[in-house]
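Here the structure comes first, spelled out in structure tokens, and everything after it is commentary.
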Amino acid sequence: MMSSTIRDIAKLANTSKSTVSRYLNGQAVKKKTQEAIEKVIKDLNYHRNIHARRLVMSKTLTIGVVVEEITNVFNTNILRGIEQIAKEKKFNCVFYSWSSNSNHEEGFLDLLHEGQVDGLILISFKKRDKPLLNMIAESDYPIVLIGDSQLTESVCAIDIDNSFGISEAVRHLHENNHREIAYISGPKGAAATETRLQSYKSTMAQLGLKIRPEFIVDSNWTNETGHTAMQKLLSIGGFTAVAASNDETAIGAIKAVQEMGLQTPVDIAVTGFDDIPVAKWVYPSLTTIRQPFAEMGVVAAKELFKRIEKQDSADPMKHLLKPELVVRRSTIC
């Protein structure tokens with residue numbers, strides 16, 4: 001039995017061969033025509049010759065997505081957002097993890113040089129080296145960053161408005177009558193750590209609240225270091241609330257409070273940052289700042305395809321997406 005062709009689809013869908021070709025190449029057609037074409041494709045069990053399409057379009061029809069660690073909980077929704085746009089464009093996604101690559105992110109730029117992918121999205125929430133950012137800025141290939149860009153010109157980057165997020169948490173605590181607010185900061189290597197810390201300080205100042213250096217304690221964004229940080233704060237005392245710079249730290253901090261025979265939020269209110277899945281299941285459920293991870297993926301993919309398609313609007317852009325305060329029981333009695 002001979003395989004079906006575009007001509008067969010056009011005949012059965014009562015449309016032209018060129019219309020079917022446009023649809024298969026990701027271009028818009030009338031909704032009624034699209035439905036007819038899709039029905040015929042399903043009835044005929046038609047499969048496109050992807051290699052022929054690649055030759056005609058001079059593209060791999062593939063984008064590369066590079067993450068620091070594929071198992072990172074934050075990546076799931078980011079990747080889902082990227083896949084959504086890639087699917088609409090009829091492109092494949094290939095995912096890479098650089099946790100075992102000695103060259104880190106820069107090693108994957110060869111995927112573009114060798115013609116293995118049509119564009120790259122690099123995802124990392126660590127501080128990026130300036131030489132890498134300069135290399136990307138000087139490249140003519142389609143590359144979009146998620147995370148740190150150090151405001152490098154000619155680089156398209158998508159990130160969270162970390163300053164806004166921490167400010168929302170501190171203001172929420174202030175609105176609930178807390179005036180002595182401690183802060184658990186993050187690791188030095190994370191791009192967001194300094195921004196979030198400075199936002200805590202500036203928001204406290206704007207609210208007329210005293211910033212006490214002994215109320216600012218570092219963590220490594222783990223449950224264990226959050227637990228240790230809260231133990232240190234409890235040994236000092238004098239505060240009624242803690243803004244933690246991520247959720248895992250906040251959860252560890254709450255455990256330390258409970259071990260001292262105190263209650264959250266009756267004795268000490270706690271906020272987090274990220275809204276990881278477990279945040280709503282811990283006791284008490286965690287008030288936190290929800291990051292729009294799926295939106296990050298969608299925006300990054302849209303910007304990448306602007307560059308792949310060489311659209312005029314594909315100028316270097318910085319996107320700072322607004323996170324959202326999610327109020328739960330760790331701050332409300």
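The values are calculated or read from the model by the stated rules, or taken from the named source; none is laboratory data. Note that the structure is predicted; figures quoted are calculated from it, not measured. Virtual Cβ from ideal backbone geometry, glycine too; neighbours counted across all protein chains shown. Remember, those area values only see protein heavy atoms, side chains included, never the ligands or the DNA or RNA. Shrake-Rupley method; radii C 1.70, N 1.55, O 1.52, S 1.80 Å.
With the structure loaded, tell me whether Asn220 is within 26 Å of Ile146 (Cβ to Cβ) and open to solvent by 40 Å² or more (accessible area, probe 1.4 Å) or whether it fails that test.
Details: within 26 Å of Ile146 (Cβ to Cβ): yes; open to solvent by 40 Å² or more (accessible area, probe 1.4 Å): yes.
For Asn220, the condition - within 26 Å of Ile146 (Cβ to Cβ) and open to solvent by 40 Å² or more (accessible area, probe 1.4 Å) - is met.
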For this session: Provide a single number: the residues in the range 225-249 that are in a helix (DSSP H, G or I) and closer than 13 Å to Thr271 by Cα.
Result: 5
Problem set entry | Neighbours by Cβ (under 8 Å, 6+ apart or cross-chain): first from the range 102-129, within 21 Å of Lys302 (Cβ to Cβ) and at pLDDT 90 or above; second among the basic types (Lys, Arg) and assigned to a helix (DSSP H, G or I) | Gly119/Arg307
Exercise. Taking the stated definitions as given, is Tyr96 under 20 Å from the mean Cα position of the chain (by Cα), aromatic (Phe, Trp, Tyr) and either farther than 19 Å from Val298 by Cβ or surrounded by 15 or more Cβ atoms within 10 Å (Cβ to Cβ) (or both)?
Worked result: yes
Exercise. Does Glu138 satisfy the criteria of being within 19 Å of the chain's Cα centre (by Cα) and among the acidic types (Asp, Glu)?
Worked result: no
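For the range 238-247, does any single residue satisfy the condition of being open to solvent by 70 Å² or more (accessible area, probe 1.4 Å), more than 25 Å from Asp148 (Cα to Cα) and of a type in the set (Ser, Thr, Tyr)?
Step one: of the range 238-247, the residues open to solvent by 70 Å² or more (accessible area, probe 1.4 Å) are none.
No: the range 238-247 contains no residue that is open to solvent by 70 Å² or more (accessible area, probe 1.4 Å), more than 25 Å from Asp148 (Cα to Cα) and of a type in the set (Ser, Thr, Tyr).
What residue, of Thr193, Thr203, is touching a Pro at 6+ places or on another chain (Cβ under 8 Å), polar (S, T, N, Q) and closer than 28 Å to Pro213 by Cα? It would help to see each step written out before you state the result.
On the way: Thr203 fails: touching a Pro at 6+ places or on another chain (Cβ under 8 Å).
Unique residue meeting the criteria: Thr193.
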Exercise. List the pairs whose first member sits in the range 193-204 and is more than 19 Å from Asp274 (Cα to Cα), whose second member is aliphatic (A, V, I, L, M) and surrounded by fewer than 21 Cβ atoms within 10 Å (Cβ to Cβ), and whose Cβ atoms are under 6 Å apart, counting only residues at least 6 apart or on separate chains?
Worked result: Lys201/Ile211; Met204/Ile211
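If I filter the range 287-299 for residues that are within 30 Å of Leu61 (Cβ to Cβ) and without any contact (Cβ under 8 Å) to a residue 12 or more places away in the chain, do I get at least one hit? Quick ask: steps written out before the conclusion?
First, pick out the residues of the range 287-299 that are within 30 Å of Leu61 (Cβ to Cβ): 292-299.
Next cut, without any contact (Cβ under 8 Å) to a residue 12 or more places away in the chain only: none.
Checking the range 287-299: not a single residue is within 30 Å of Leu61 (Cβ to Cβ) and without any contact (Cβ under 8 Å) to a residue 12 or more places away in the chain.
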